[in-house]
Amino acid sequence: MSARLEKTLALQFKYLGDAVFITPALRALKEPRPDAELHVLVAAEVAPLLEDLPWIKKVWALPRTRGQARLRESWPLIRALRREKFERAVDFGGNDRGAILSFLSGAKTRLGPVEKKKLLQKFCYTQMVSTDTLPPSWVQRHLQLLSAWQIPPPKSAHLEIAADPALAEEAAKLLPDGRILCHLGTSQPRKEWPVARWQEFFRLASTAGFALAFSAGTNERERQLLAELKRGQPDIFALPPIGDLRLFLAVLRRARLVIAGDTGPLHFAAGLGVPVIGLFGTADSLLRSAPIYAAKQIVKGGYCFCDEKGLHSANCQDAQPCMNAIRTEPVLAALLHLLAR
């Protein structure tokens, strides 16, 4: 009788964009044992980001409503997880939901990051790493967490996701060839480049001969950003709202280059292998997200009042927001440099 394959479950329950940052750590889990099974448990809305990666055995999609347990709906999936008999589980998020599901998975060894006062996590995990010892960069944080299992870093720490090739034809109808896609919105307005700057950049890049397209999220606030942009610059090419994440990934895959703030679409594009330029202003963005990118892919903002005062509001409290300090000329220079390569 052949030996039973080792099974590992990885969990991540955070924001949509954060899921891409675990992919280097997932490769680190897989590379030493290509024959072992790697399963991933994420919120249902996150699953499309990982489902087309061939080296993940299965992506488990859990229905999620923020602030609600929904245990009755989740229980069939939890029972199916337990039947897999995982040898170990690692929770990259370290929040309550991930800790509880790690425990309920039935994995013998359960690893997770723990803050000093988080008693629930201390109960749910069998192995813990203090968050005080982990670096702020999301990618390096996840890789260092795995060092508790003596797992070395992967051959490459690049982000990696995949788009469904079956949606390529539909995506082509939305985004013409050769367009540079500029994404206006983020989940936190303080991380957004002002609309006036986008208008100025459109004029500058168009004069330089670049064909741009603009997009925003499906929520009302982000759609208003796009509407404001069009009022000031009626001739821009704007994508319609795309509520299907799978289709949006296929559209991103077509872009010649993607420019955005610290937001999911920027990281999705990087994971798809599309050239990107990230607009980073807040210290939080520069410490956590920006380190995965090369210097030529980053354009930085200015001094951030919110960071100094320890303000974590989604909206900037400064009269001169740090993102406003990003001028259009350095963004065009980064664009010229990347596309000249």
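Summary table below
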{"item": "Kirkwood-based Rg to Rh ratio, the chain, C-alpha trace", "result": "0.98"}
{"item": "Set of lysines near K230 by C-alpha distance (under 27 Å), chain-local residues within fewer than 8 positions excluded", "result": "K173, K191, K300"}
{"item": "Likely footprinting exposure, L212, L9, L29, fewest C-beta neighbours within 10 Å first", "result": "L212, L29, L9"}
{"item": "Segment 142-216: trypsin sites (Lys or Arg not before Pro) falling in loop per DSSP and having at most 15 other Cβ within 10 Å", "result": "K155"}
{"item": "Cross-link partners of K116 among aspartates and glutamates (Cα-Cα below 16 Å; sequence separation of 8 or more within a chain)", "result": "D96, D132"}
{"item": "Extent along principal axes [Cα atoms of segment 7-149; Å; largest to smallest]", "result": "36, 36, 29"}
{"item": "Difference of contour (0.36 nm per residue) and Cα-Cα distance, R72 to T207", "result": "42.9 nm"}
{"item": "Within segment 7-149, percent of DSSP bridges classed antiparallel, to nearest 5", "result": "5"}
{"item": "Fully extended contour minus Cα-Cα distance, from D244 to A325, at 0.36 nm per residue", "result": "25.8 nm"}
{"item": "Label-reachable residues, segment 192-215, where backbone N falls under 15 Å from a point 7 Å from D177's Cα toward its Cβ", "result": "211"}
{"item": "Charge dipole (debye, nearest 20) of the chain; +1 at Cβ of Lys and Arg, -1 at Cβ of Asp and Glu", "result": "860"}
{"item": "Cα point-scatterer Debye curve for segment 196-239, base-10 log of I(q)/I(0) at q = 0.26, 0.28, 0.29 Å⁻¹", "result": "-0.93, -1.04, -1.09"}
{"item": "Overall dimensions of segment 166-340 by Cα: Rg and Dmax, Å", "result": "15.3, 48"}
{"item": "DSSP loop chymotrypsin sites (Phe, Trp or Tyr not before Pro) with at most 16 other Cβ within 10 Å: longest gap in the chain", "result": "56-236"}
{"item": "Rounded to 5, percent antiparallel among DSSP beta bridges of the chain", "result": "5"}
{"item": "Whichever lysines have a C-alpha closer than 20 Å to that of K108, once near sequence neighbours (fewer than 8 apart) are set aside", "result": "K7, K30, K57, K58, K85, K122"}
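Any read-out appearing in this document is the output of simple, stated calculations on the displayed coordinates, not a laboratory observation. What you are looking at is a predicted structure, and each value in this text was computed from that prediction instead of being measured. Every residue, glycine as well, gets a Cβ built from its backbone with ideal geometry; the counts of neighbours run over all protein chains shown.
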